[in-house]
Each structure stands twice: as structure tokens, then as C-alpha cells.
1. If packing is taken as the average number of other Cβ atoms within 10 Å across a peptide's residues, how do 88-94, 439-445 rank, most packed first?
2. When every alpha-carbon pair in the chain is counted, what percent end up more than 39 Å apart?
3. At 37 °C and 0.692 mPa s, grab the translational diffusion coefficient of the range 375-468 from Stokes-Einstein with a Kirkwood Rh over Cα pairs, rounded to a whole number in µm² per second.
4. How high is the relative contact order of the chain, given as a whole-number percent (alpha carbon pairs under 8 Å, six or more residues apart)?
5. In terms of the Cα gyration tensor, with a ≥ b ≥ c the square roots of its eigenvalues, is the range 84-146 rounded because a/c is under 1.5, prolate because a/b exceeds b/c, or oblate?
6. Output the peptides 8-21, 188-201 sorted from most to least packed, where packing is the average of other Cβ atoms within 10 Å over each peptide's residues.
7. For residue 460, list long-range residues whose amide hydrogen, built 1.01 Å from N in the peptide plane, is under 5 Å from its own amide hydrogen.
8. On a C-alpha basis, how far is the centre of the range 336-393 from the centre of the range 61-133 in Å? Whole number, if you could?
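Just so it is clear, none of the values below were taken in a lab; they were calculated from the coordinates. None of the values given here were measured: they were computed from a predicted structure. Note that each Cβ is placed from the backbone with ideal geometry, even for glycine, and that neighbours are counted across all protein chains shown.
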Amino acid sequence: MDGQFIVSLAIILATFALYIGIAVYNTAKATSDFYVAGRGVPPIFNGMAIGADWMSAASFIGMAGTVMVLGYDGLAYIMGWTGGYLFLTFLLAPQLRKFGRYTVPEFIGDRYDSHSARVIAAICTIIISFTYSIGQLSGSGVVIGRLFEIDAKVGTMIGVVLIAIYAAFGGMKGITWTQVAQYLILITAYLVPIIFMSLQISGNPIPWISYGEVVSTLGELDRELGISEYFAPFTNGTKWQFLALMFTLMAGTAGLPHVIVRFYTVSTMKAARWSGAWALLFIGLLYLSAPAYAAFSRFILMTQVAGSQIAQLPAWTKSWVDTGMLQVADTNSDGVLQWSELVIANDIVVMATPEIANLGVFVIGLVAAGAMAAALSTAGGLMISLSSSFAHDIYYRVWKPQASEKNRLAVARWSIVIATLFAGLIALNPPGVITQIVAWAFAIASGTFFPALVLGVWWKRSNTKGVISGLLIGLAVTLTYIFVAKYGGFTILGIIDTGAGVFGAAAGFLANIIVSLATEAPPQKLQDEVINLRYPEQMVYKDGEVWMHDGESKQG
């Protein structure tokens, strides 16, 4: 065993022990603990938990690699994922919190007074969460595979076991406090390497300032090699694909059930808004750093690895070649590694860069622990969302409303274990890179829940038949476009599978609006409840007037 392995293993095992200890200490004893952490999480800690829930393997492991490979075009991921939080914080989160339910399908079922809408929304939640979790488990396999120098598939199954244990134990209460710890670990693990790389390359310890010079240098290197410039826009896709991907990620963010449910864990509408504000700050720390990480990584690879003798490549290259995620081939047989002969997978850039930059065993171990924290935190949140859709929305609210609390908790825990296992089996041979798989989940969310929630909160005329039509048509259009674009080569305006949400959302909105207008209006009671959502918690809309809770009429 070398020193790097021992240090990395020690750091990861220490963090695993911390996560499981927190989950056990905060074991959910009631359904409100399991689904919404007893609604008692302070906004700042909820913001950290949202950050950890959000900054998945796609963000931590895949983001910088995607920007490094795609250059300017990779910024659609950063702008889309960050902008979506503005949609969510201002358009939906406070209103959904005021409605006071446990899950997104429960909101849809009660808002439209329909078990059919509830079941369809629960199935959509399961599809979205399952797709997203495949990307997370694939990411945990990359980390564990590199750490133990084993096949990434074996690493994936180790991740499956860990997630199944701590998500099933603690429920939302345990997951929340685990995610606070995971956020602190992953953001430290992300910032330390880029601060050191910034010092190495420019002598400036502030990477957000220094990486502009590095990008300019990369442009010169690109011109020398005759390849498309790193910061030239739309070289890896059309302008329409860039815009469609950005919209898909924004709308998908606002419709992701495992993110929305985090806003149910606070006590008030005001706390929900503050949770969103804190989350933006904590998420922004990583997303503002990802372009710097990408630029530094590409600069080090272009200047210190490309151009080296094949026989004298650094030791880290062999370790990553063994995982199957790095390819080094001397195609022109000149004994020198050219930039075009180095094929590096998007998903290993963050993990490999500390080794490439020779930052030392502690930093390498810290990054491995941060990557695991990112994959595990999001996978845990996804599994809670998936299990609550089945155990709460289908099993309890539709199938067995007389089920005891003990039975409901048992069904929720077993559904987590079974879902994690199935997602892990698919993640053994994932259908795409992490960011691509995650983009599909966002496309499905933007085609189903985004129209249903926006119209459900802001348009009182939207009715049961409208929302069911919107969910089914939005889902069908999104899935169809993903499949025909990825496997059939069919695209509209060059929009590929990752931008499918723009078509799904348009179809979902149109179907909901047209069918709602063509059928009878919802009962007045439901329309009043929708208007009521728009007012602060101390106000209630009733009989065409807004009332304070003390009963005094304030406005007609």
C-alpha cells in the first residue's frame, strides 16, 4: 500500500463514519421526521443541505471536466443550474411550503383533488429520481474505483451499499444533517486544490481572479495546435442547443422533486425564501470555481503532460488508464504524447487534477472524500424522494390509507434499498457520461413538473384534466425526443438529447392550458386555495377577500 492510498482511505473512512453516525443519531422515529425532518431545520443549515443535495457527482466530478472539454459551451450547465434556483426561490418554493404537504405528488394530488394526478406525479418522481441516481452511483464508482485501483463497476456497488444503509436509517431528518456535514467537506475539497493550483500557475492565491490570464494563454496554445479555441462559443453545438440546454436545466431545477422537498423542512414561507438565498450563496461558491478548475486543469495537461515522452509519463497516468477512463495512444508512433492522443473522460478531471498538479497525498485524499460526499448526498436525497413517492403518495394516500406509521416507515425504508440496488445495476454500464444522464433527469422534470407546478400555483383555472394531460404529454414528448436524438440522430435546430426539456416544457404548458380551458373550471374552493398561496402566511384568501388570521378583513 502506498502513502496516497492509506491517506485517502483514512479520510474517506472517517467521513463515512461521520455520515453513518449522524444518520443513526438522527434516526427518523415518525413519518414527519422521515419525510420533512419535522419541519424544524434553520434556513442557513437548510441552505447548506440544499447545496449538498444539489451539488451532485455531476457538479463536483463532472462540471469542471465538462467545461474543460467543451470550453465556452460548457457554461450552459453552470448558468442553467444556477439560474434555476432563482425560478424556484421566487416562483414556487414559498408557495409550496405554505400549502404544507410532504411531497410534490401530494401537492399536485391535493391541489387538483385527484388521486389519478397524484399517482401520475408519483410515477414521474420515481422516473426522475431513478434516472438522476444512476449518474450519482456512476460517480461514486469513479471515485471508489480510483481509490482502490479497481474497476469502477465494483466501486459503484460499494457506493450502492453505503447509500442504502444511511438513507434508509435516517430518512429526511438524518439526511439533512448528514448533508450539512457533506457540504462542508465537499466545498473544502473543491476549493483547496484550485487555490493551490492558482498559486502554482500564477502566484496568486485567488483563483477567480487569476484564471482569466490562464484562459488567454490557453487561447494561444489552441491556435498553435490548430484546434478550436477554448473560449470560442458554439464550437461543440449550435446556439439553439446552448439555449435549450440552459432552459432545460433552469426549468428542471425548479421542477426537481428531491430539491423542492427540501423547502418543506423549514417552518415558514419566510424561512423557505431564506433557504433559497443561502443555497444560492453556497452553490455559487462551487459554480464560480468550476471554470477556474477547468482552465487550470487544461493548462497543466497542455503544458506539462502533452509533449512528454510516452515512456516517461507520470505514474498517475497508469492508475487512471487502469480504471478505463483515460486513454493514451501513440497513434503516430513518434514516442511523444500529442494533445490529440490524450483522451481524458470528463468525469475524471476533478479527481485526477490534484495528482496531475502534484498537490500531495492529503489534498488527493480530501478531493476523493469530497467527491464521495457529493455523490452520496444527492443520491441520499433522491432515494428519500423516490421512496416517499411510493410509500407516502401511492401506498398510504391511495392504496392503504389505514396503514400504521410503523408500516409506512418500513415500506419507505425497503423501497430505498430496492431502488438503490436497481439504480446501481444500471450504473454498472451507464448510458452516458454523468452530466448527460443528469441532464436527462432535468429534461424530464422540466417537461412534467415545471408546467404542472407553475400553473398549479399561479393559474387558478388549471384543472385536473389539464394537469394530467400536461404531465403525460410533457413526459412523452421529452422521453421521445431524448431517444430519437440520442439513438436516431434526429434533431431540431441542432438541439440534442440534453436539451429535450425545452420541447417537453412547451408541450406540458400547452396541453395543460388547452385542456383546462376546454373543460369545466375547478371548484371555487380549489380556486380560492390557489389564490391563498400567493399571500404571506398570516393572511388567508376567502370569499373574494384577504383576511388576517385574527379575522379582520384587510382588502377586497
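1. Numbers: 88-94: 21.9, 439-445: 30.3.
Ranked by mean Cβ neighbours within 10 Å, highest first: 439-445, 88-94.
2. On the way: 39762 of 154290 pairs.
For the chain, the fraction of Cα-Cα distances above 39 Å is 26 percent.
3. The diffusion coefficient I find is 210 µm²/s.
4. 27 percent
5. Details: a/c = 3.69, a/b = 1.75, b/c = 2.10.
Oblate.
6. In decreasing order of mean packing, 8-21, 188-201 become 188-201, 8-21.
7. Correct list: empty.
8. The distance from the Cα centre of the range 336-393 to that of the range 61-133 comes to 21 Å.
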